[in-house]
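Following: one structure in structure tokens, then a few remarks.
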Amino acid sequence: MSKFIVIGERISVTAPSINRAFAEKDPEPILTRAKQQLDAGAYYLDVNIGPAESNGEELMKWAVELLQGEFDNVPLALDTANMKAIEAGISVYNRSKGKPIVNSADAAGRIEYVDLAAANDAIVIALCNGEGIAKDNDERMMYCQTLLERGMEHGMEATDLWFDPLFLVTKGMQDKQMDILECIKMFSDMGLNSTGGLSNNSNGMPKHIRPIMDSAMVAMAMMQGLTSAIVNPNDLRLMETIKSCDIIKNNTLYADSYLEL
Amino acid sequence: MPFNRKPQKFNAQIKAVEIGVGEKAIKIGGENILPFYTFDGDMGNTPKVGVEISDMGLEGAVAGIVSYYEGCTTAAEMAKKAAEMEGADFVALSLEGGDPNGANKSTEELVAVAKEVADAIDLPLVVEGCKNVEKDSELLVKVAEALQGKNVLVLAAKEENYKAVGAAAGLAYNQKVGAESAVDINLAKQLNVVMTQLGVKPESVVMNVGTAAVGYGYEYVVSTMDRIKAAALAQSDTTLQMPIITPVASETWSVKESLAEEADAPEWGSREERGISMEIQTAAADLVSGSNAVILRHPQSVATIAKMIKELA
């Protein structure tokens, strides 16, 4: 089995400093966060430029070239509702460290993101959602099939669709948490890759609790076969947990210094 | 249904490490396939064969080795002769005489031997210490210093002395440095990690992950090398993408199959044939398990293994 893939989530317009950096094309805050995440063990970096309706294409190209130029062609997840911006980003993307990730498709309004990934030999995050949150795993797996078939029809490898069960907030949806974990097991049993915004589970919890909750969730999810997550790699406890789970799963070879790698 | 060939592709590669200078310099490693899986892709550089000589001369050697070096009176003369051996890609000088529990030769004396040998040959040189951790910390540092510019491979830095040996050979004097563990995958990885944390470039490190003579728990050697290559290639583990060198002769010539005289074990037949057989079998197994270079002693073993590599690669 290969190593768990950490997609760093911190380059996002939801952070005011990054929002401003994108608006002003100021490289510094973006590069700083990129470096922090890579140093902490992120493999992919998510680049969330927001809806970017007016200048998305130009902005995504700028971001891709900026990050790949500075960090040895770091692989990226291109995250925006503007499909043309994703395509523009891919047009200048260097694949030597990994295919671009299209973030993201779902089984309803955003299913065309699968076609976009297929047309550009990219990976796509396939959110097992239709209109609204799936009510149970039967529904999630139905969306999974829809997305998988769509990808296959367009000539994708099944392993290039990374299925997202949609992690749900524990405060309020505590009774759904085991469903999510079981869903991950179903993906895994089908030989499919998976990912997701794992820290959503701890949304709304006190700051000091979140790393603990996220670490527990990632350990349980990795046990179920989760192959990737979109997380904050600068959460030390979480990264230590992921690295330790990778050792237990024999995804990486143990050495006394494994936490430093 | 027609046969559909599916090559096993890896997105990772073993680093190629250069030893020696000039026309005869060699590179080991560089492959992105499993050992000899040339049907899957690029083997990089073919595995290399080294001939081992010792500062202790021919003490205890079998007749075939003694006669090969007939007339040689110094290590430098032996080195020249070793370099001419059919199939030899490099020479390995063992400074076993430095062992405090053996001949206990001084560091100065051994450095002088190493210098003479290095000056006598144009083939790349590998220098092996005396295996005593404390003595080697001093001896190998001085050897690395004295042989600056020769790009030798110093064997080896161990867990106990990697700071001294690694810093001298790999950093200060710009040689190549071996990282030695004894059939222990986790330690093999750890040594590479701490050596690179020390500042030694990964391209300057060659692993000696240890071997046993065939029949002496050899399956652990296979699983160790297998796991290392799997981590390096299939899991893209950059801390294990260093090539592997295996000193075979020192293991195989010290087991009873290679030591017992025919008079003491008549049912086993010729001692020399047994010794060669142990050396060839172990080297062949090491190579197909992932070694990028082997160190041998007997001319017949060297020729046979060189031929095997030529025909398989």
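A few comments on the model shown:
- Given (1) closer than 23 Å to B:K48 by Cα; (2) in contact with a Lys or Arg (Cβ under 7 Å, 6 or more places away or on another chain), number of the condition B:L93 does not satisfy: (2)
- Single residue of B:I228, B:I245 found to be under 30 Å from B:Q13 (Cβ atoms), at pLDDT 95 or above, in contact with a strand residue (DSSP E or B) (Cβ under 9 Å, 6 or more places away or on another chain) and not in a helix (DSSP H, G or I): B:I245
- Residue list for region A:110-138, restricted to those being over 19 Å from the mean Cα position of the chain (by Cα) and part of a helix (DSSP H, G or I): A:A119, A:N137, A:D138
- Only listed residue being at pLDDT 95 or above and in a loop (DSSP other than H, G, I, E, B), chosen from B:Y216, B:Y220: B:Y216
- Total residues in region B:181-192, condition surrounded by fewer than 19 Cβ atoms within 10 Å (Cβ to Cβ) and either of a type in the set (G, A, S) or at the interface with chain A (Cβ under 8 Å from one of its Cβ atoms) (or both): 2
- Members of region B:15-33 that are out of contact with any helix residue (DSSP H, G or I) (no Cβ under 6 Å at 6 or more places or on another chain) and farther than 15 Å from B:V152 by Cβ: B:A16, B:E23, B:G29, B:G30, B:E31, B:N32, B:I33
- Scanning region A:117-126 for residues that are more than 13 Å from A:E157 (Cβ to Cβ) and surrounded by fewer than 21 Cβ atoms within 10 Å (Cβ to Cβ) gives A:A119, A:N120.
For (1) hydroxyl-bearing (S, T, Y); (2) in contact with a helix residue (DSSP H, G or I) (Cβ under 8 Å, 6 or more places away or on another chain); (3) surrounded by fewer than 16 Cβ atoms within 10 Å (Cβ to Cβ), each residue gets a yes or a no:
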| residue | (1), (2), (3) |
| --- | --- |
| A:T32 | yes, no, yes |
| A:Q36 | no, no, yes |
| A:A40 | no, yes, no |
| A:Y43 | yes, no, no |
| A:V47 | no, yes, no |
| A:E53 | no, no, yes |
| A:M60 | no, yes, no |
| A:Q68 | no, no, no |
| A:D72 | no, no, yes |
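- Region B:32-69: number of residues that are among the acidic types (D, E), buried (at least 20 other Cβ atoms within 10 Å of the Cβ) and either touching a Cys at 6+ places or on another chain (Cβ under 9 Å) or free of Cβ contacts under 8 Å to residues at least 60 places away in the same chain (or both): 1
- Taking the listed residues A:S202, A:S188, A:S228, the one that is within 27 Å of B:Q235 (Cα to Cα) and free of Cβ contacts under 8 Å to residues at least 60 places away in the same chain is A:S188, with no other qualifying.
- Only residues that are closer than 22 Å to A:Y254 by Cβ and surrounded by fewer than 20 Cβ atoms within 10 Å (Cβ to Cβ) were counted in region B:197-209, giving 3.
- Odd one out for B:E203 among (1) part of a helix (DSSP H, G or I); (2) within 14 Å of chain A (Cβ to nearest Cβ); (3) not basic (K, R): (2)
- Selection within region B:251-304 - under 25 Å from B:C130 (Cα atoms) and outside any helix (DSSP H, G or I): B:W253, B:S254, B:V255, B:A260, B:S291, B:N292, B:A293, B:V294, B:I295, B:L296, B:R297, B:H298
- Residue in region B:247-264 that is more than 25 Å from B:E96 (Cβ to Cβ), away from chain A (no Cβ under 14 Å) and without any contact (Cβ under 8 Å) to a residue 60 or more places away in the chain present: yes
- For region B:224-246, filtered to residues that are within 14 Å of chain A (Cβ to nearest Cβ) and of a type in the set (S, T, N, Q), the residue that is nearest to B:C130 (Cα to Cα) is B:T224.
- Qualifying strands (runs of 3 or more DSSP E) (wholly inside region B:1-118; at least 3 residues being among the aliphatic types (A, V, I, L, M) and more than 30 Å from B:Q235 (Cβ to Cβ)): B:90-94
- Of the helices (runs of 4 or more DSSP H) lying entirely inside region A:166-261, those carrying at least 1 residues that are within 14 Å of another protein chain (Cβ to nearest Cβ) and closer than 19 Å to A:L38 by Cα are A:236-248.
- One residue stands out in region B:129-180 among those that are charged (D, E, K, R) and assigned to a helix (DSSP H, G or I): the one that is surrounded by the fewest Cβ atoms within 10 Å (Cβ to Cβ), namely B:E134.
- Number of residues in region A:12-55 that are of a type outside the set (K, R), in a loop (DSSP other than H, G, I, E, B) and free of Cβ contacts under 8 Å to residues at least 40 places away in the same chain equals 9.
- The single residue among B:A283, B:A293 that is small (G, A, S), out of contact with any helix residue (DSSP H, G or I) (no Cβ under 8 Å at 6 or more places or on another chain) and modelled with pLDDT of 95 or more turns out to be B:A293.
- Just one of the listed residues (B:L240, B:L233) is among the hydrophobic types (A, V, I, L, M, F, W, C), out of contact with any Ser or Thr (no Cβ under 6 Å at 6 or more places or on another chain), over 20 Å from B:I65 (Cα atoms) and touching a residue at least 60 places away in the same chain (Cβ under 8 Å), namely B:L233.
- A:A77 meets the conditions (1) farther than 16 Å from A:N48 by Cα; (2) in a strand (DSSP E or B); (3) small (G, A, S) in every case but one. The failed one is (1).
The values are calculated or read from the model by the stated rules, or taken from the named source; none is laboratory data. Since this is a predicted model, take the numbers as computed values, not measurements. Here the Cβ is made from the backbone with ideal geometry for all residues, glycine too, and neighbour counts use every protein chain on show.
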